[in-house]
Amino acid sequence: MTKEELMRRAIELSADSVRNGGGPFGAVIVRNGEIIAEGSNGVTIYNDPTAHAEVSTIRKACQKLNTFDLTGCEIYTSCEPCPMCLGAIYWAHLDKIYYANDRKDAAGIGFDDDFIYQEIELKPQYRKKPSEILLRNEAIKVFEQWTAKTDKTEY
Ligand SMILES: [Zn+2]
């Protein structure tokens with residue numbers, strides 16, 4: 001399939017999602033031009049705020065390929081990934097991102113991914129969402145156990 005055909009499939013999934021009660025987002029993960037997994041936004045369907053099209057499609061692709069590493073795969077998503085999905089794409093080691101609508105288009109219909117991108121650029125104390133450091137001296141001991149563990153699966 002061509003890049004345009006693959007993106008059209010992602011867009012088609014986003015349109016199906018709108019018809020089926022989900023958010024207007026769709027994605028496909030592709031390896032060597034072949035679709036490995038398809039997904040769409042299921043936030044309101046599953047009451048899962050992390051069920052974005054990209055995250056859902058990453059989960060399906062990893063299950064199908066029985067791996068946590070999607071090196072060699074690419075994602076086609078109907079909209080520029082939000083910061084959560086961008087992070088998931090990095091963690092999944094996908095090779096490349098293709099997107100159609102961008103974050104400004106998303107903000108224009110009430111999905112303010114752009115706001116979160118702006119928050120990330122700020123130091124934690126200037127963000128709208130407060131955070132507080134607590135019990136680091138206790139939690140760090142687990143990191144030390146991880147470092148010392150010789151039979152761990154690194155990712
Ligand atoms: Zn997202």
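Computed about its Cα centre, the charge dipole of the chain is approximately 280 debye, with only Lys, Arg, Asp and Glu carrying charge at their Cβ.
Relative to the compact-globule scaling 2.2 N^0.38 Å, provide the ratio for the alpha-carbon radius of gyration of segment 48-100. Write out the running numbers ahead of the final one.
Working: Rg = 10.1 Å, N = 53, 2.2 N^0.38 = 9.9 Å.
Output field value: 1.02.
Percent of C-alpha pairs per 10 Å bin in segment 67-155, short distances first: 13, 28, 32, 22, 5.
Show that you can apply the helix-only estimate: for the chain, add -39,500 (n - 2.57) for every DSSP H stretch of four or more residues, divide by all residues, and state [θ] at 222 nm to the nearest 500.
Details: 7 runs with 72 residues, N = 155.
Estimated from H runs of four or more residues: -14000 deg cm²/dmol.
Where the alpha-carbon atoms of segment 3-148 are placed on the principal axes, they occupy 52, 37, 26 Å, in descending order.
Rounded to the nearest 0.05, what FRET efficiency do residue 8 and residue 126 give with R0 = 35 Å and r taken as the Cβ-Cβ distance? Could you check?
Working: r = 41 Å, r/R0 = 1.17.
For R0 = 35 Å, the calculated efficiency reads 0.30.
When the Cα positions of 143, 100, 118 are compared along the charge dipole of the chain, 143 comes out farthest toward the positive end, with charges on each C-beta of Lys, Arg, Asp and Glu.
When the charge dipole of the chain is built from unit charges on Cβ atoms (+1 for Lys and Arg, -1 for Asp and Glu) and taken about the Cα centre, the candidate among 10, 87, 41 whose Cα reaches farthest toward its positive end is 87. Shown here for segment 67-146: chymotrypsin sites (Phe, Trp or Tyr not before Pro) in loop regions (DSSP other than H, G, I, E, B) with at most 15 other Cβ atoms within 10 Å, namely 68.
Bear in mind that the values in this text are calculations on the coordinates, not laboratory data. None of these values were measured; they are calculated from a predicted model. For neighbour counting, all protein chains shown are included, and Cβ atoms are generated from backbone atoms with ideal geometry for every residue, glycine included.
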